[in-house]
Structure formats: C-alpha cells, structure tokens
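*Asks:* Encoded as structure tokens, here's the structure I'll be asking about.
What follows draws every value from the coordinates through simple rules; no lab data is involved. All values reported here derive from a predicted model rather than from experimental measurement. Please note: Cβ atoms are built from the backbone with ideal geometry, for glycine as well, and neighbour counts cover all protein chains shown.
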Amino acid sequence: MASCIDLVVHCTREEDGSRHVQEIMSIGGRVEGETIETSTVFSYQDGELRPTASAVFDHPKLTSEARARLPRLGAER
C-alpha cells in the first residue's frame, strides 16, 4: 500500500471551525514490519506552510516546471 502513496496531507481544524494544512509528508520506499518511512516536507509555522530543513525535492514525478518554482517558495533543494 505504501508504494501507491506519494504524499500525505495532514489538515487541522481550529476552534473557530476553520481548517488549514498542518503538514505535508512524503512517503519513503522503505517499510519495516508495520512501520513506513516518512519525512515531513512542509510544516505549518507562524501562520504559514513552510518547507522543512530536511525536505528533499528530487522526486521522479516532480516536473521541471514544478522544480523551477521551488526557489520562489523557499525550497531550493
């Protein structure tokens, strides 16, 4: 099942009923027992979704157009 999923988007509902994306995780290719390797790519900090320091943007499905936009988003890896 893990090989069928590329990203997991975790949404949060605030007390006022509004929602926002809390984090976006990439699913790695390694599975040991019932544990699936994941890494957080974006996390919600100070009111906005930001790339994490450990995020790697070299997924084979990432288009060249998307790669060109990464520096503007603060994600240059």
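*Asks:* Could you tell me the relative contact order of region 2-73? Use alpha-carbon pairs under 8 Å, at least six residues apart, and round to a whole percent. Write down the numbers at each step before the final one.
*Replies:* Details: 95 pairs, mean separation 14.4, N = 72.
Here the relative contact order equals 20 percent.
*Asks:* OK, next. Residue by residue through region 53-58, which ³J(HN,Hα) values in whole Hz follow from phi under the Karplus form 6.51 cos²θ - 1.76 cosθ + 1.60 (θ = phi - 60°), with glycine and proline marked x?
*Replies:* 5, 8, 5, 10, 10, 10
*Asks:* When the helix-only estimate is applied to the chain (DSSP H runs of n ≥ 4, each -39,500 (n - 2.57), divided by the residue count), what is the mean residue ellipticity at 222 nm, nearest 500 deg cm²/dmol?
*Replies:* The helix-only estimate for the chain comes to -2000 deg cm²/dmol at 222 nm.
*Asks:* Taking amide hydrogens as modeled 1.01 Å from N in the peptide plane, which residues meet the under 5 Å criterion relative to Gln22, leaving out close sequence neighbours?
*Replies:* Residues meeting the criterion, in which the H sits 1.01 Å from N, are His10, Cys11, Thr12.
*Asks:* Ok, one more. Would you please give the residues with an amide H less than 5 Å from that of Thr38, counting only those at least 5 places away or on a separate chain, with H modeled from the backbone geometry?
*Replies:* Gly28
*Asks:* Taking 0.36 nm per intervening residue step and subtracting the Cα-Cα distance, what contour gain separates Ile5 from Leu62 on full extension?
*Replies:* Values: separation 57, 0.36 × 57 = 20.52 nm, distance 1.43 nm.
Taking Ile5 through Leu62 to full extension adds about 19.1 nm, to one decimal.
*Asks:* Shifting gears a bit: Work out from phi, with θ = phi - 60° and the Karplus expression 6.51 cos²θ - 1.76 cosθ + 1.60, the ³J(HN,Hα) of each residue of region 36-42, listed in order in whole Hz, and give x for Gly and Pro.
*Replies:* Per residue, the Karplus-derived 3J(HN,Hα) values read 9, 5, 9, 9, 7, 9, 10 Hz.
*Asks:* Could you order peptides 30-36, 4-10 by the average number of other Cβ atoms within 10 Å of their residues, highest first? Could the numbers behind the result be given before it?
*Replies:* Numbers: 30-36: 9.4, 4-10: 11.1.
Result, highest mean Cβ count within 10 Å first: 4-10, 30-36.
*Asks:* Set Lys and Arg Cβ to +1 and Asp and Glu Cβ to -1, take the dipole of the chain about its Cα centre, and tell me which of Gln22, Val56, Gln45 lies farthest positive.
*Replies:* Value computed over the given set: Val56.
*Asks:* Just how large is the dipole of the chain about the Cα centre, in debye to the nearest 20, putting +1 at every Lys and Arg Cβ and -1 at every Asp and Glu Cβ?
*Replies:* Working: 9 positive and 13 negative charges, 76 e Å.
Approximately 360 debye in magnitude.
*Asks:* Would you work out the Kirkwood radius for the chain? I mean one over the mean of 1/r across all pairs of different Cα atoms, in Å. Kindly include the intermediate steps, with their values, before the conclusion.
*Replies:* Numbers: mean 1/r = 0.0718 Å⁻¹.
Computed over the chain, the radius equals 13.9 Å.
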